[in-house]
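Student: My questions all concern the structure below.
The values are calculated or read from the model by the stated rules, or taken from the named source; none is laboratory data. Keep in mind the model is a prediction, meaning the values are calculated, not measured. When we count neighbours, we look across all protein chains shown, and the Cβ atoms used for this are built from the backbone with ideal geometry, even at glycine.
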Amino acid sequence: MKEMDNCNGVLFKTRETVDKSINLVVKDDDGKQKYQVDEIRDRVILGDAFKVLKKIDDAVFDMVFIDPPYFLQLPNKKLRRWSVKTVVEGVNEAWDKFSSFLEYDKFIQMLLTEVKRVMKPAATIWVIATYHSIFRIGKIMQDLGYWILNDLVWVKTNPMPNWLGVRFTNATEHLIWAVKDKKSKKYTFNKEYAKAFGIGKVGANVWVLPICWGDERLKDSNGKKLHSTQKPVELLKRVILTSTKKGDLVLDPVAGSGTTGWVAHTLERNFVMIEINPKYVKGIEERFKQPFKMTDSPYPSKTLIDKYMNLKEF
Ligand SMILES: C[S@@+](CC[C@H](N)C(=O)[O-])C[C@H]1O[C@@H](n2cnc3c(N)ncnc32)[C@H](O)[C@@H]1O
């Protein structure tokens with residue numbers, strides 16, 4: 001951390017790794033009827049979230065983070081940048097393909113229904129998406145009875161460049177933060193962190209930070225990007241520090257490269273992750289061999305960000 005201000009500077013250093021005597025990965029199979037929380041705490045379940053969630057009891061999680069498929073609807077051809085002709089690395093994986101909005105909505109609706117059941121009464125849920133799907137997701141959440149507390153806007157300091165020049169550079173993603181229903185009042189909200197991470201004096205609901213880059217990007221055995229939508233550690237750090245307490249149990253049912261569990265573990269929270277793709281689960285196993293260390297300071301610092309946003313006068 002180069003910059004430290006407006007924060008506590010608390011250094012989190014946790015257990016060396018998840019208990020080495022136990023395998024991090026639990027492989028789901030159809031013969032398995034039920035998961036007790038103790039057998040899946042701090043584990044990654046290799047399996048289909050729709051099947052796995054059904055095997056978990058009601059009301060066990062304190063917080064849920066979901067980064068679902070985007071349904072970007074990219075054409076089935078290589079996109080090249082207009083002037084430099086380099087290939088645009090989008091999200092072309094099979095997991096992001098749906099035949100229609102109807103099919104996508106059904107996926108989201110089923111996932112959010114099952115997740116609601118496993119949330120404790122005072123739990124909160126975060127769902128992140130781009131403009132491609134966030135509005136559909138918000139409607140589905142409201143239809144399911146979730147009560148939206150905030151939407152956080154993530155402003156990317158290093159967004160993908162606008163290569164055709166026919167619309168604005170898309171530099172944001174949205175995070176919906178919600179409770180199970182309007183009656184949920186006793187949820188965790190660590191307002192000091194919210195103030196430290198949000199922009200301006202009031203700590204508004206805008207987070208400015210880079211997309212995952214440099215050494216943080218996980219690589220597969222061929223040295224290629226492990227996951228096309230790996231989320232930055234800093235983003236999950238903010239999500240977890242603002243909405244959970246030490247020892248809480250955090251669920252990520254579509255875990256990808258495992259950012260949620262890795263950050264939760266580092267910040268002394270517990271986690272359960274579910275991911276259907278064995279390649280990503282292997283990547284998560286490798287990730288958990290890395291040392292855990294983090295401070296609670298925002299990066300980039302608030303001073304730098306307020307300068308970037310030109311908010312000093314406000
Ligand atoms: C947007 S990515 C998540 C990225 C993750 N937040 C990270 O930081 O790496 C969505 C993930 O959902 C997974 N997925 C899709 N359908 C699934 C299902 N039915 N069960 C479990 N995982 C699923 C995909 O394999 C993909 O890795």
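Student: For the stretch 25-63, what are the residues that are touching a Phe, Trp or Tyr at 6+ places or on another chain (Cβ under 7 Å) and either within 16 Å of the ligand (Cβ to nearest atom) or assigned to a strand (DSSP E or B) (or both)?
Tutor: Across the stretch 25-63, the qualifying residues are LYS55, ILE56.
Student: Output the residue which, of all residues in the stretch 229-264 that are small (Gly, Ala, Ser) and more than 8 Å from the ligand (Cβ to nearest atom), is farthest from ILE125 (Cα to Cα).
Tutor: Within the stretch 229-264, the subset small (Gly, Ala, Ser) is 243, 247, 255-258, 261, 264.
Imposing the further condition that a residue be more than 8 Å from the ligand (Cβ to nearest atom) reduces the set to 243, 247, 261, 264.
Values: SER243: 9, GLY247: 17, GLY261: 15, ALA264: 15 Å.
Among residues in the stretch 229-264 that are small (Gly, Ala, Ser) and more than 8 Å from the ligand (Cβ to nearest atom), the one farthest from ILE125 (Cα to Cα) is GLY247.
Student: Follow-up question, since we're still on this one. Quickly run through the stretch 223-274 and pick out the residues that are closer than 16 Å to PHE12 by Cα and touching a Cys at 6+ places or on another chain (Cβ under 7 Å).
Tutor: Result: no residue meets the conditions.
Student: Every residue in the stretch 195-214 that is in contact with a Gly (Cβ under 6 Å, 6 or more places away or on another chain) and more than 19 Å from ASN150 (Cα to Cα), please.
Tutor: Within the stretch 195-214, none qualify.
Student: Listed residues ALA178, ALA196; which is more than 16 Å from the ligand (Cβ to nearest atom), at pLDDT 95 or above and not in a loop (DSSP other than H, G, I, E, B)?
Tutor: ALA178
Student: Restricting to the stretch 133-165, count the residues that are assigned to a loop (DSSP other than H, G, I, E, B) and in contact with a Leu (Cβ under 8 Å, 6 or more places away or on another chain).
Tutor: The first filter runs over the stretch 133-165 and keeps only residues assigned to a loop (DSSP other than H, G, I, E, B), leaving 133, 144-146, 157-165.
Applying the additional criterion that residues be in contact with a Leu (Cβ under 8 Å, 6 or more places away or on another chain) yields 144, 146, 157, 163.
Residues flagged as assigned to a loop (DSSP other than H, G, I, E, B) and in contact with a Leu (Cβ under 8 Å, 6 or more places away or on another chain) within the stretch 133-165 amount to 4.
Student: Let me ask something additional. Look at MET110 and say whether it is over 19 Å from PRO300 (Cα atoms) and under 17 Å from the mean Cα position of the chain (by Cα).
Tutor: No.
Student: Between THR188, THR266, THR259, which is touching a strand residue (DSSP E or B) at 6+ places or on another chain (Cβ under 6 Å) and of a type in the set (S, T, N, Q)?
Tutor: Of the residues listed, the single one that is touching a strand residue (DSSP E or B) at 6+ places or on another chain (Cβ under 6 Å) and of a type in the set (S, T, N, Q) is THR266.
Student: Can you name the residue in the stretch 219-228 that is within 11 Å of the ligand (Cβ to nearest atom) and in a loop (DSSP other than H, G, I, E, B) and is also surrounded by the most Cβ atoms within 10 Å (Cβ to Cβ) among such residues? Let's see the steps before the verdict.
Tutor: Step one: of the stretch 219-228, the residues within 11 Å of the ligand (Cβ to nearest atom) are 225-228.
From the residues that got through so far, the ones that are in a loop (DSSP other than H, G, I, E, B) too are 226-228.
Working: LEU226: 21, HIS227: 23, SER228: 15.
For the stretch 219-228, the residue satisfying everything is HIS227.
Student: Residue check, TRP95 against (1) away from the ligand (no atom under 16 Å from the Cβ); (2) surrounded by 13 or more Cβ atoms within 10 Å (Cβ to Cβ); (3) touching a residue at least 12 places away in the same chain (Cβ under 8 Å), all met but one. Which one?
Tutor: (1)
Student: So which residues in the stretch 170-213 are loosely packed, with under 15 Cβ neighbours inside 10 Å and touching a Pro at 6+ places or on another chain (Cβ under 7 Å)?
Tutor: The one that is loosely packed, with under 15 Cβ neighbours inside 10 Å and touching a Pro at 6+ places or on another chain (Cβ under 7 Å): ASN170.
Student: Further question: Limited to the stretch 276-298, what total is found for residues that are away from the ligand (no atom under 16 Å from the Cβ), under 30 Å from ASP96 (Cα atoms) and buried (at least 17 other Cβ atoms within 10 Å of the Cβ)?
Tutor: Restricting attention to the stretch 276-298, the residues satisfying the condition of being away from the ligand (no atom under 16 Å from the Cβ) are 289, 291-293, 295-298.
Within this subset, residues satisfying the condition of being under 30 Å from ASP96 (Cα atoms) are 289.
Filter once more, so that each one left must be buried (at least 17 other Cβ atoms within 10 Å of the Cβ): none.
Looking only at that region, the number is 0.
Student: Determine whether GLU216 is under 20 Å from ASP67 (Cβ atoms), among the acidic types (Asp, Glu) and either touching a His at 6+ places or on another chain (Cβ under 8 Å) or surrounded by 20 or more Cβ atoms within 10 Å (Cβ to Cβ) (or both).
Tutor: no
Student: Where the second residue is exposed (fewer than 15 other Cβ atoms within 10 Å of the Cβ) and modelled with pLDDT of 80 or more and the first is more than 21 Å from LEU24 (Cα to Cα) and lies in the stretch 286-314, which pairs have Cβ atoms under 8 Å and are six or more apart or on separate chains?
Tutor: Listed pairs, sorted by first residue: PRO300/THR157; TYR308/THR157; PHE314/LYS201.
Student: Taking the condition within 23 Å of the chain's Cα centre (by Cα), surrounded by fewer than 17 Cβ atoms within 10 Å (Cβ to Cβ) and modelled with pLDDT of 95 or more, does ASP67 pass?
Tutor: No: the conditions fail for ASP67.
Student: Are any of the residues in the stretch 266-275 part of a loop (DSSP other than H, G, I, E, B), near the ligand (Cβ under 9 Å from one of its atoms) and within 26 Å of ILE108 (Cα to Cα)?
Tutor: Checked against the condition, which is being part of a loop (DSSP other than H, G, I, E, B), near the ligand (Cβ under 9 Å from one of its atoms) and within 26 Å of ILE108 (Cα to Cα), the stretch 266-275 yields no hits at all.
Student: Kindly evaluate PHE292 against the criterion of being at pLDDT 95 or above, closer than 22 Å to ARG41 by Cβ and of a type in the set (Phe, Trp, Tyr).
Tutor: Values: at pLDDT 95 or above: no; closer than 22 Å to ARG41 by Cβ: yes; of a type in the set (Phe, Trp, Tyr): yes.
Criteria not met by PHE292.
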